[in-house]
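One structure is given below, encoded as structure tokens.
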Amino acid sequence: MGVRLGRVAWACPAVLLLLLQLAGASHVVYETSLLETEAAAATVPASIFELSTGYHFRPQKNWINDPNAPLYYKGWYHLFFQYNPKGAVWGNIVWAHSVSRDLINWVALETALAPSIDADKYGCWSGSATIMPDGTPVIMYTGVSRPDVNYEVQNVAFPKNSSDPLLREWVKPAHNPVIVPEGGINATQFRDPTTAWYADGHWRILVGALSGASRGVAYVYRSRDFRRWTRVRKPLHSAPTGMWECPDFYPVTVDGKESGVDTSVVSSSRVKHVLKNSLDLRRYDYYTVGTYDRLKERYVPDNPAGDKHHLRYDYGNFYASKTFYDPSKRRRILWGWANESDTAVDDVAKGWAGIQAIPRKVWLDPSGRQLMQWPVEEVEALRGKKPVSLKDRVVKRGEHVEVTGLQTAQADVEVSFEVPSLEGAEALDPALANDAQKLCGVKGADVEGGVGPFGLWVLASSKLEERTAVFFRVFKAAGNVNSTKPLVLMCSDPTKASLNKNLYHPTFAGFVDIDMAKGKISLRSLIDRSVVESFGAGGRTCILSRVYPSLAIGRNAHLHVFNNGKADIKVSRLTAWEMKKPALMNGA
Ligand code: DQQ
């Protein structure tokens with residue numbers, strides 16, 4: 001079957017060019033069983049079908065999970081991902097493969113890796129790509145090699161034809177597996193190799209693991225030739241958090257600039273390192289910033305409590321993420337998977353499940369304490385030409401202001417708030433001072449505060465029965481929790497997102513490390529029908545929520561600024577753009 005295009009594609013020369021470049025590429029379209037879908041569809045609300053995302057990455061059909069081996073090669077971005085070719089629930093996992101020129105328009109190619117050898121007969125699970133010194137990529141991934149238990153080994157695959165910029169075919173050499181779980185390693189919890197970094201004549205990778213009942217571990221393996229790998233006796237790092245899935249380990253520059261560096265840059269004066277792990281038990285991605293000692297092969301987080309307090313990439317629905325270095329724009333880009341939070345029956349009915357979050361540029365905040373994240377600039381090409389703006393609008397206690405003049409079911413909204421006074425900020429219950437999520441659960445969007453809650457109601461129905469609140473709430477400095485400055489909470493409260501009460505709608509929250517003395521804070525929300533992906537304070541705190549309104553759909557989705565705090569706040573500027581659907585989204 002050929003590449004499928006919508007009408008827009010034919011109208012757009014860049015897309016046509018892309019089409020020509022892809023001429024001959026066979027497009028893989030997978031079918032979910034019609035009977036299965038029809039049976040399930042009978043029991044789900046019709047509205048669910050109108051919530052298919054417009055500009056977030058997803059295939060046309062079926063289940064996806066982890067992003068795998070993102071890379072840039074000969075002018076193309078490649079994204080592989082865990083994919084079930086046979087349905088909208090997890091299973092039958094292969095590596096699907098899509099390519100893009102701009103991180104926004106995507107074309108699905110043939111499956112890159114599917115079970116075919118003894119070492120991956122029961123699954124091709126997550127992994128990463130490394131660019132070799134000659135410029136060609138190599139993939140290392142987890143193969144499940146026994147049917148009875150998930151016996152996990154690590155395999156490599158190479159492009160069949162490295163002159164093909166689309167890297168359509170991958171070859172698994174006969175010497176697979178290259179790493180097996182020896183030396184007392186728990187073979188069922190041993191997976192997801194990282195991108196390798198190179199120093200002093202050796203490649204190194206990490207493999208995520210579980211040691212004993214509850215210790216998450218990142219083992220280091222070293223190799224001179226990418227073929228024979230030896231485990232370093234002590235792990236790079238470990239913590240009592242449960243299994244570490246999908247580790248990621250990379251340098252970030254300390255110069256306060258937003259540019260990224262290649263994974264093999266390990267010189268200690270210019271860079272710090274980030275170690276990220278996906279917590280299988282709690283299903284979120286946490287990271288620490290710290291120092292890598294390549295001679296000892298150890299990593300030490302700067303904050304000794306970092307493995308306990310869990311800085312997260314995203315305080316919402318975002319898991320199994322992976323970064324890569326994009327040499328074309330000298331930046332590091334983060335991909336993360338956002339699962340559905342409707343029901344499996346809904347997923348089977350609509351025929352698909354799972355998206356990737358908008359790719360985000362990541363860099364180290366000049367404080368050195370945390371990362372910053374921002375949607376890649378390419379996403380701005382989807383903004384409509386006529387944004388709607390508000391300027392210097394005071395929003396009083398209990399007031400809400402609707403932003404009209406555009407459809408907001410698929411939109412990009414940037415807003416800067418001014419908070420004239422912090423005097424009325426509420427005191428913080430010390431018992432909740434380390435638990436943003438609980439705090440947000442207790443003090444949701446409708447509980448009046450001193451300063452805040454203020455923020456956006458997105459995907460709101462006309463009578464506001466449905467609305468998802470994304471907001472800030474400021475608390476007084478609480479000396480007893482080591483904070484000498486007001487504490488800012490950022491929340492996403494979707495408890496009123498849908499009249500359909502059968503859905504899972506947890507509140508999500510994180511603290512924002514910002515000095516509110518300047519009285520300013522910003523918020524950006526990327527709204528995409530069933531996704532609300534928000535960036536607080538320029539990307540210090542991020543929250544992605546999946547929501548499934550039943551009324552606030554299409555033209556019936558509204559946007560408001562609200563203030564449920566006693567203190568007035570001012571919108572110094574709000575700009576909202578309608579977002580177009582990319583011309584190419586894997587045929588979806
Ligand atoms: N998903 C993969 C595993 C990984 C998990 C299997 C994380 O390799 O540990 O689909 O979501």
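The values are calculated or read from the model by the stated rules, or taken from the named source; none is laboratory data. In this text the structure is predicted, and so the values were computed from the model without any measurement. Glycine also receives a Cβ, built like all others from the backbone with ideal geometry; neighbour counts cover every protein chain displayed. With ligands, DNA and RNA removed, areas are computed over all heavy atoms of the protein, side chains included. Shrake-Rupley method; radii C 1.70, N 1.55, O 1.52, S 1.80 Å.
Does Ile569 qualify as being touching a helix residue (DSSP H, G or I) at 6+ places or on another chain (Cβ under 6 Å) and β-branched (Val, Ile, Thr)? The answer is no for Ile569. How many residues are of a type outside the set (Asp, Glu) and assigned to a strand (DSSP E or B) if we restrict to segment 577-588? Result for segment 577-588: 3.
The set of residues in segment 146-169 being among the aromatic types (Phe, Trp, Tyr) and closer than 15 Å to Trp125 by Cα consists of Tyr151 alone. Where strands (runs of 3 or more DSSP E) sit wholly within segment 432-495, none has at least 2 residues that are open to solvent by 40 Å² or more (accessible area, probe 1.4 Å), outside the structural domain of Thr53 (by TED's automatic domain parsing) and free of Cβ contacts under 8 Å to residues at least 12 places away in the same chain. Residue check: is Ala517 open to solvent by 10 Å² or more (accessible area, probe 1.4 Å) and either touching a residue at least 40 places away in the same chain (Cβ under 8 Å) or under 18 Å from the mean Cα position of the chain (by Cα) (or both)? In short, yes. With respect to the conditions (1) open to solvent by less than 10 Å² (accessible area, probe 1.4 Å); (2) within 16 Å of the ligand (Cβ to nearest atom), Leu103 lacks only one, and its number is (2).
Residue-level check: of (1) of a type in the set (Asp, Glu); (2) away from the ligand (no atom under 16 Å from the Cβ); (3) farther than 30 Å from Ala567 by Cβ, Glu399 misses just (3).
Every test in (1) touching a Gly at 6+ places or on another chain (Cβ under 7 Å); (2) among the polar types (S, T, N, Q); (3) open to solvent by 20 Å² or more (accessible area, probe 1.4 Å) is passed by Ser268 save one, and that test is (1). Thr53 meets the conditions (1) crowded, with 23+ Cβ neighbours inside 10 Å; (2) within 18 Å of the chain's Cα centre (by Cα) in every case but one. The failed one is (1). Just so you know, in segment 549-566 the residues that are open to solvent by 10 Å² or more (accessible area, probe 1.4 Å) and in contact with a Pro (Cβ under 9 Å, 6 or more places away or on another chain) include one that is nearest to Val395 (Cα to Cα), and it is Asn564. Just checking, does segment 496-503 include any residue being aliphatic (A, V, I, L, M) and open to solvent by 30 Å² or more (accessible area, probe 1.4 Å)? Yes, segment 496-503 contains at least one residue that is aliphatic (A, V, I, L, M) and open to solvent by 30 Å² or more (accessible area, probe 1.4 Å). Does segment 156-173 contain any residue that is closer than 29 Å to Glu297 by Cβ and buried (at least 22 other Cβ atoms within 10 Å of the Cβ)? The answer is yes, given that some residue of segment 156-173 is closer than 29 Å to Glu297 by Cβ and buried (at least 22 other Cβ atoms within 10 Å of the Cβ).
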